[in-house]
Every structure is written in C-alpha cells, then in structure tokens.
1. Expressed as a whole percentage, what fraction of the accessible surface of the chain belongs to carbon and sulfur atoms when a 1.4 Å probe is rolled over the protein heavy atoms?
2. Between VAL14 and VAL34, what is the label-point separation in nm under the 7 Å Cα-to-beta-carbon projection?
3. Counting only other residues whose beta carbon sits under 13 Å from that of LEU9, what net charge do I get with K and R as +1, D and E as -1?
4. Hand me the tally of lysine pairs in the chain: alpha carbons under 20 angstrom apart, and the pair either on different chains or 8 or more positions apart.
5. With a cut-off of at most 10 other beta carbons within 10 Å, and DSSP calling the residue loop, which chymotrypsin sites (Phe, Trp or Tyr not before Pro) in the stretch 1-51 qualify? Please list them.
6. Kindly report the accessible area of the chain per residue (heavy atoms of protein chains, probe 1.4 Å, no ligands, DNA or RNA), in Å².
7. When only Cα pairs under 8 Å and 6 or more residues apart are kept, what is the percent relative contact order across the stretch 1-58?
8. Between ASN23 and LYS58, what is the spin-label point distance in nm, taking each point 7 Å from the Cα along the Cα→C-beta axis?
Amino acid sequence: MIYLSSFRLSKRKVNNPNIYPYNVFRDKYIEPFVFRPITVLYGNNGSGKSTLLKLMKKEIAPFGTLDGD
C-alpha cells in the first residue's frame, strides 16, 4: 500500500510560468505539507462506504433498520 506522508511544491521552472496552475504559487514559499495517518474509504457507488460510516456513527442498526424505528 502506498502512503503519502508529505507534499511540497516543486522548485522546477517551466517554459511558461504565466499559465495555470504554475502562476498560482509562483515566487511564494510554502511550508511542506506533512500529513498524519488517515483512513480513506474508496469504492464504487453502492459499495457500502456511507453504510459503513452510518454503522460507525450508530445511525443505523447492523440489520439495516434505522435507530428509533
């Protein structure tokens, strides 16, 4: 599995620095982004990502019934 632990903007020069997105951060120093571990739920529509989150929030019961019904 690949984990992204940090990210920094490239110092590489381009032929035309006036075009997007190269002009957004031109001549600016930005600290490198350092990430903490996160969990990503990735899947096609209908694969159960939202259902899993609802189960974790106890918004729905394990058998698919809404709490309180």
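The values are calculated or read from the model by the stated rules, or taken from the named source; none is laboratory data. Please read all numbers here as calculations on a predicted model, not as lab measurements. Neighbour counts run over all protein chains shown; Cβ positions are idealised from the backbone, glycine included. With ligands, DNA and RNA removed, areas are computed over all heavy atoms of the protein, side chains included. Shrake-Rupley method; radii C 1.70, N 1.55, O 1.52, S 1.80 Å.
1. Numbers: 4180 of 7280 Å².
In the chain, the share of accessible area belonging to carbon and sulfur is 57 percent.
2. Those two pseudo-labels are separated by 2.8 nm.
3. Working: positive: ARG8, LYS11, ARG12, LYS13, ARG26, LYS28; negative: ASP27, GLU31.
Combined, the nearby Lys, Arg, Asp and Glu give +4.
4. On the way: LYS11/LYS28; LYS13/LYS28; LYS49/LYS57; LYS49/LYS58.
Value for the chain: 4.
5. On the way: sites: TYR3, PHE7, TYR22, PHE25, TYR29, PHE33, PHE35, TYR42; in loops: TYR3, TYR22, PHE25, TYR29, PHE35, TYR42.
Filter output for the stretch 1-51: TYR3, TYR29, PHE35, TYR42.
6. Details: 7280 Å² over 69 residues.
Accessible area per residue, the chain: 106 Å².
7. Values: 24 pairs, mean separation 21.8, N = 58.
With pairs under 8 Å counted, the relative contact order is 38 percent.
8. It is 5.4 nm.
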